[in-house]
Every structure is written in structure tokens, then in C-alpha cells.
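Every number here is computed from the coordinates shown, using simple stated rules; none is lab data. Not measured: the values here are computed from a predicted model.
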Amino acid sequence: MKFDAKKFLKTKFVKRTFSVPVPDLRDFFPDGEEAVWTVRGLTGQELARANEAADRSKNMATILSALSSDVSKEKETAVKELLGLTKGTPADISKRIEHLVIGSVDPECNQELAVKLCETYPVEFYQLTNKIMELTGQGQMPGKPKPSLETPASGPA
């Protein structure tokens with residue numbers, strides 16, 4: 001059996017998503033709303049960008065140090081911590097922060113939120129990023145064909 005490249009290339013794909021229950025974060029959701037964080041799988045380019053996050057973080061920390069030479073060490077350290085650029089940040093955490101930023105659907109997540117979640121709710125942080133990687137590994141799903149927008153011609157009565 002051969003791979004049907006033509007069919008593959010014509011197929012429309014949709015990103016896989018999953019709503020991850022995060023009951024320990026329920027205080028940060030509106031009353032009565034289910035505490036779920038919806039994530040999606042990453043594309044190949046997004047995955048590569050996330051994998052380069054550790055190198056980028058190291059470079060950003062160096063640039064920030066150079067730019068803030070007249071700023072107090074205390075302020076420089078605070079900014080680095082806010083961005084997750086402290087020397088003690090493992091490469092895996094830098095990648096996972098990027099995974100969460102890119103792969104969060106609802107709520108949307110920026111780097112500051114991802115860093116704070118990592119620091120304060122590490123189990124949920126790992127659950128979310130593990131699910132993003134699981135969805136990424138499963139690939140995108142063939143999308144459902146959209147219904148035709150054409151109205152069929154009516155026949156004689």
C-alpha cells in the first residue's frame with residue numbers, strides 16, 4: 001500500500017485541542033465556570049522555536065545585562081526573574097514555558113503568566129505542557145469538509 005501524497009497535500013488539517021481540568025486553579029476562574037485550560041498541539045516550526053528557547057533565554061539575559069549596566073543589580077535581577085531568565089532556569093523549563101505560551105488556547109498565555117504558573121503551580125504547569133507535547137506528537141487531524149456555499153438549483157414544480 002502506497003502513501004497517497006496527492007490526497008495528503010489536498011487535505012485540510014485542524015490542530016488538536018484538549019481541555020485540561022485544573023481544579024486547583026478554580027479560584028482564578030469566574031464563579032460557576034469549569035476550571036479547564038484548553039491547549040493545542042504545536043506545528044513543526046513552533047516546536048523548533050520552543051526548542052531554541054533555552055538558547056534565546058541565555059542570549060536575552062546577556063543582552064539585558066549589557067543594556068542595564070546603569071540600572072541597579074536588584075532591578076536587573078527582578079526583570080530577569082519576571083522573564084524567567086535567571087541563571088538557575090533549566091533548559092527544559094525554558095522550553096516548557098514556550099510550549100505553554102504557544103500552545104495555550106483558552107486562556108491565552110504570555111511569558112509572564114507561564115513563568116508565574118511554573119513557579120506557583122508546577123504540577124499543573126507540567127500537566128499542561130505534557131498534554132501540549134502529547135497533542136503535538138499525535139499531529140493535526142484531517143478537518144471536516146466545509147459544506148458547499150452554493151445553493152442547488154431548484155427543479156420544476
Would you mind checking which residues have amide H under 5 Å from VAL36's amide H? H placed 1.01 Å from N; only 5 or more apart, or other chain. VAL22
Could you state the number of Å between the C-alpha centres of the range 90-122 and the range 4-50? 14
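Past the 23 Å Cα-Cα mark, which pairs from LYS6/LYS95; LYS12/LYS95; LYS10/LYS144? Each step should come with its number before you reach the end.
Working: LYS6/LYS95 35 Å; LYS12/LYS95 29 Å; LYS10/LYS144 13 Å.
The pairs that break the limit, which is 23 Å between Cα atoms, are LYS6/LYS95; LYS12/LYS95.
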